[in-house]
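Asks: Provided herewith is a single structure, encoded as structure tokens, for subsequent inquiry.
The values are calculated or read from the model by the stated rules, or taken from the named source; none is laboratory data. The structure presented is a predicted model; accordingly, all values stated were derived computationally and were not measured. Please note: Cβ atoms are built from the backbone with ideal geometry, for glycine as well, and neighbour counts cover all protein chains shown.
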Amino acid sequence: MLHNIIKMDFFKKDTRTALQAKEYAQWIAFAPMVFQASRALRNLNILAEVHESRKVGVTIEEVCKKLDLSNYGARVLMEAGLGIGLLLVNNDRYTLTKAGYLILNDPLTKVNFDFSNDVCYEGLFSLTESIKSGKPEGLKVFGNWKTVYDALAHLQPNIQKSWFAFDHYYSDDSFPEVLEYVYKTKPKTLLDIGGNTGKWAISSVNFDTDVHVTIMDLPGQAEMAKKNIDKLGLSNRVSFYQTNILDESIPFPKHFDVIWMSQFLDCFSDDEIISILSRCRNSLNDDGAVYILEPFWDNQRFEAAAFSLQMTSIYFTAIANGNSQMYNSTIFIKLIEKAGFVVEETTNDIGISNTLIKCIKKFEKN
Ligand SMILES: C[S@@+](CC[C@H](N)C(=O)[O-])C[C@H]1O[C@@H](n2cnc3c(N)ncnc32)[C@H](O)[C@@H]1O
């Protein structure tokens, strides 16, 4: 599981020629059309129909007959699919490109696509306003909420589904990789801050038969987690602590061997992270450890992964809370140190994009 920190060179040089830059600028200018046309090609089953035809290909006429679409509708979308790079045409017969295949079948692309559309698309109109006000102005498309986390339990089912699919996609596959590492020292008590639907808590109590987990989250999410845990008959192994962590007057529960935060601290600003970690310090036993699982954009091996995280930060600005992001690890580690911890170990390349940071309390001697 241990890998060296890989630092990327993607963002050091402008590698495009002048012509490529001009082309690229048009991609940005027409990005909403690229996105919505690709979505319509997928949702109207045009990509699936073209895929069915394999190498033989299919004509516009055949597609509109099969899918009961107008010739005009199929034509504008399929011609757009050529420019976008999802489709190819030879002798009037359309076939799928590799990118078209991924839009149709790749789970990662589907999760990102549906999240961008269902959770972000409309609210992103308010990005500039959000940058100016420091508030998630785009969230008003879902109602009158302070942050997306307050709204989460009340969103329409399709929006909730896309939010949770996105959230879980990036943490689920990391949990099996890190369980052994976190439970190596046999902690008896673990505080899971931002425990959400209870996935880490459930994996934990199934992995280690002695540990007791406390999930700390906003009331809506803590209730959801409780339901899931009750259903599995694990209520005697998991406790719940409902709170709003931003309210500094509400105390943390105390005396934990381990505090676990997975994709949690990215929901907060620099100063809020320092405040949360300082309070974690008081609720952790002196020989305990804090484990932070986070995807840092500067720790990614692939440019597309760094890009996805940088774009996710824009969701945090316009929709989630107006003041947090997917962090750069150097900035983040300084916040950990300011809160009175030392980073004991950093492990990259966990799951699809995560880094695990183990921190211990800083005392004068260390
Ligand atoms: C991005 S989710 C991460 C969930 C989970 N730990 C994972 O790895 O998939 C962030 C979690 O933090 C919780 N959260 C956000 N703001 C909070 C606040 N102010 N107080 C308590 N919990 C909060 C949310 O309710 C949500 O469950």
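Asks: Spot the failing condition for Leu232; the list is (1) more than 27 Å from Gly340 (Cβ to Cβ); (2) away from the ligand (no atom under 15 Å from the Cβ); (3) crowded, with 17+ Cβ neighbours inside 10 Å; (4) among the aliphatic types (A, V, I, L, M), and only one is missed.
Replies: For Leu232, the failing item is (3).
Asks: Then there's this: When you look at Lys132, is it surrounded by fewer than 17 Cβ atoms within 10 Å (Cβ to Cβ), in contact with a strand residue (DSSP E or B) (Cβ under 7 Å, 6 or more places away or on another chain) and not aromatic (Phe, Trp, Tyr), yes or no?
Replies: Considered against the rule, which asks whether it is surrounded by fewer than 17 Cβ atoms within 10 Å (Cβ to Cβ), in contact with a strand residue (DSSP E or B) (Cβ under 7 Å, 6 or more places away or on another chain) and not aromatic (Phe, Trp, Tyr), Lys132 comes out as no.
Asks: Here is a follow-up. Are there any pairs, at least 6 apart or on different chains, whose C-beta atoms fall under 6 Å, with the first in segment 284-313 and in the same structural domain as Lys254 (by TED's automatic domain parsing) and the second among the basic types (Lys, Arg) and buried (at least 16 other Cβ atoms within 10 Å of the Cβ), and if so, which?
Replies: Pairs found: Ala289/Lys358; Tyr291/Lys358.
Asks: For the structure I just gave you, tell me whether Asn112 is within 16 Å of the ligand (Cβ to nearest atom) and within 18 Å of the chain's Cα centre (by Cα).
Replies: Here the answer is yes, as Asn112 does meet what is asked.
Asks: Moving on. Do we have any residue at all in segment 320-330 that's more than 20 Å from Ser171 (Cβ to Cβ) and free of Cβ contacts under 8 Å to residues at least 12 places away in the same chain?
Replies: no
Asks: Across segment 184-219, which residue is nearest to Arg281 (Cα to Cα) among those that are away from the ligand (no atom under 16 Å from the Cβ) and basic (Lys, Arg)?
Replies: Lys188
Asks: Considering only residues that are hydrophobic (A, V, I, L, M, F, W, C) and touching a strand residue (DSSP E or B) at 6+ places or on another chain (Cβ under 9 Å), look in segment 168-183 and name the one that is farthest from the ligand (Cβ to nearest atom). Can you show your working first?
Replies: From segment 168-183, those hydrophobic (A, V, I, L, M, F, W, C) are 175, 178-179, 182; that's our starting set.
Going one step further and asking which of them are touching a strand residue (DSSP E or B) at 6+ places or on another chain (Cβ under 9 Å), we end up with 175, 178, 182.
Details: Phe175: 8, Val178: 11, Val182: 13 Å.
Of everything passing the filter in segment 168-183, Val182 is farthest from the ligand (Cβ to nearest atom).
Asks: Kindly indicate whether Asp287 is in a strand (DSSP E or B) and more than 10 Å from the ligand (Cβ to nearest atom).
Replies: For Asp287, the condition - in a strand (DSSP E or B) and more than 10 Å from the ligand (Cβ to nearest atom) - is met.
Asks: Pull up segment 84-119, narrow it to residues that are acidic (Asp, Glu) and surrounded by 17 or more Cβ atoms within 10 Å (Cβ to Cβ), then point me to the one that is farthest from Glu23 (Cα to Cα).
Replies: Asp118
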